[in-house]
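Worksheet: one structure, shown below.
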Amino acid sequence: METYYYVNIFETKGLEYLLLMAFLVLFVLLVKYLQGPRKLP
């Protein structure tokens, strides 16, 4: 007999917040990388 475990995605709020924070940090780094080096006046 096979065992199937149901995972409720709404019970994993901690993991969702960690993924969101990692995405935002990587997004900011990507934007800074795409802007290139800043020229000093």
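Nothing in this text is a laboratory measurement; each read-out follows from the coordinates by a stated rule. It should be emphasised that the depicted structure is a prediction, and the values quoted were computed from it without experimental measurement. Every residue, glycine as well, gets a Cβ built from its backbone with ideal geometry; the counts of neighbours run over all protein chains shown.
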Could we say that L40 is in a helix (DSSP H, G or I), without any contact (Cβ under 8 Å) to a residue 24 or more places away in the chain and either surrounded by 10 or more Cβ atoms within 10 Å (Cβ to Cβ) or not polar (S, T, N, Q) (or both) here? no
Residues of the stretch 6-22 classified as in a helix (DSSP H, G or I) and surrounded by 10 or more Cβ atoms within 10 Å (Cβ to Cβ), total: 8
